[in-house]
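The values are calculated or read from the model by the stated rules, or taken from the named source; none is laboratory data. What you see is a predicted model; the values in this text were computed from it and never measured. Cβ: placed from backbone, ideal geometry, glycine included. Neighbour counts: every protein chain shown.
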Amino acid sequence: MKRFLTILLLIAILTPYTWAQHKTDSQQITVVYLLPLNSSVIEQSKSAGMKESKDIDRTFAKSVIGFWCGAQIALDELSEKGHNLKVIAREVNGDDSVKIERIFEEEDVRNAQLIIAPVTKKMFPIVAAHAKELRIPVVNPLSPNSEIVEGNPFVYKMFPHPDAKAAALVEHFENAHFIIWGNHQSEEYTRYFNEHDIAYTVVDEESSFTSHLKSDADNVVIACPAHTNAYAQVANMLVNRSRMPEFHWVLPESLLNDNGFDLRTLSPFDLYFLSGFFADDQGEDAQVFCDKYVRTYSTLPTVKNFAYQGYDATYFFCELIINNFHIPKDFTPLCCKLKFRRGDKANGFENYGVRLVQLKHLQYTIINQ
């Protein structure tokens, strides 16, 4: 634990300086990271008080140190491939707009080819405005707000568009009979279905969707109840019925992170969920990443600490810039599916990719890499 904290503090302290990796066999690419590390808060925390993982989570909840750790592993791998990268990392916390202005006065920053900025929602518009003025692509890896791409063609938003979930289901379950069960966040699906003339049935949370299942159709039940007890009630009812049309059950991702709900209740059924950021830590590439991360930082990478997102954002966008904006063909992100589009040339690019994950016998399988 002490080694882990020492490394994180060292990273936080060193980030105001420039870190360069020099190769002489290719054109140099300058990448700027603007990172809310909150190192002063972390530095004031006493290591002796962090005895459990929840203590670490609480202390680092407002920091993206994990993102920066994952990014550095990607940078090392890119350097090993022969890419000439100059990396400038700056710590930017809270609403320090004055510091942002000073950073963008630096000549190296103004001449950069890429900016990666998981900053706060108040700070990103300032960063994006500078990127637009300087015509530098700027990546926001964590914001769900679609408004950040409006009026700025240089912004790349990694967090999936709200329509991405419905689109992924339509793509995978072709000509399916869609049933939306419950009203909680159901508009994510109804909007897309209505705009694309896709038939669907809506069932309120208090009713059973079983009467709407068709024996001659590929039934897809999209679960949108507000209360988790609805799942257990329906599951207990279904498990005792001998004759029931088959159906695919699409769960909200929040249910999988609910420590108060026992997923084993639903394990007899064909389960799926949709995720903007899901890492299969048993996959070969993820295992390699995990090994490097643990050896370097003495802790595990997770989606919650943004380590996977830091790796994916760095590797994908550096390759994108190096290859003159051609999508990297030899790279599969570890935690996300990236399908960037923009509806208007005046706007930036938004991700329309989500991962469809099957949960069978409590084992995860990513359906669409």
When residue 192 is run through (1) in a helix (DSSP H, G or I); (2) closer than 25 Å to residue 65 by Cα; (3) among the hydroxyl-bearing types (Ser, Thr, Tyr), the failure sits at (2)
Go over the candidates 323, 305, 347 one by one and state the one that is over 19 Å from the mean Cα position of the chain (by Cα), surrounded by 14 or more Cβ atoms within 10 Å (Cβ to Cβ), within 30 Å of residue 147 (Cα to Cα) and of a type outside the set (Phe, Trp, Tyr).
-> 347
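Would you mind finding the one in 139, 155, 149, 109 that is touching a Leu at 6+ places or on another chain (Cβ under 8 Å) and assigned by TED's automatic domain parsing to the domain that holds residue 87?
Values: 155 fails: touching a Leu at 6+ places or on another chain (Cβ under 8 Å); 149 fails: touching a Leu at 6+ places or on another chain (Cβ under 8 Å); 109 fails: touching a Leu at 6+ places or on another chain (Cβ under 8 Å).
Answer to the selection: 139.
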How many of the residues in region 302-340 are part of a loop (DSSP other than H, G, I, E, B) and touching a Gly at 6+ places or on another chain (Cβ under 6 Å)?
-> 5
Counting only residues in region 341-369 that are in contact with a Ser or Thr (Cβ under 7 Å, 6 or more places away or on another chain) and in a loop (DSSP other than H, G, I, E, B), the one nearest to residue 167 (Cα to Cα) is identified as 354
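Every residue, every condition in (1) at pLDDT 95 or above; (2) not assigned by TED's automatic domain parsing to the domain that holds residue 308, yes or no:
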| site | (1), (2) |
| --- | --- |
| 114 | yes, no |
| 121 | no, no |
| 124 | yes, no |
| 168 | yes, yes |
| 175 | no, yes |
| 184 | no, yes |
Does region 272-286 contain any residue that is surrounded by 21 or more Cβ atoms within 10 Å (Cβ to Cβ) and assigned to a helix (DSSP H, G or I)?
-> no
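Could we say that residue 270 is without any contact (Cβ under 8 Å) to a residue 12 or more places away in the chain and charged (D, E, K, R) here?
No; evaluated as a whole, the condition is false for this residue.
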May I ask you to verify whether residue 174 is on the phi < 0 side of the Ramachandran plot, in a helix (DSSP H, G or I) and either in contact with a Cys (Cβ under 9 Å, 6 or more places away or on another chain) or surrounded by fewer than 19 Cβ atoms within 10 Å (Cβ to Cβ) (or both)?
-> no
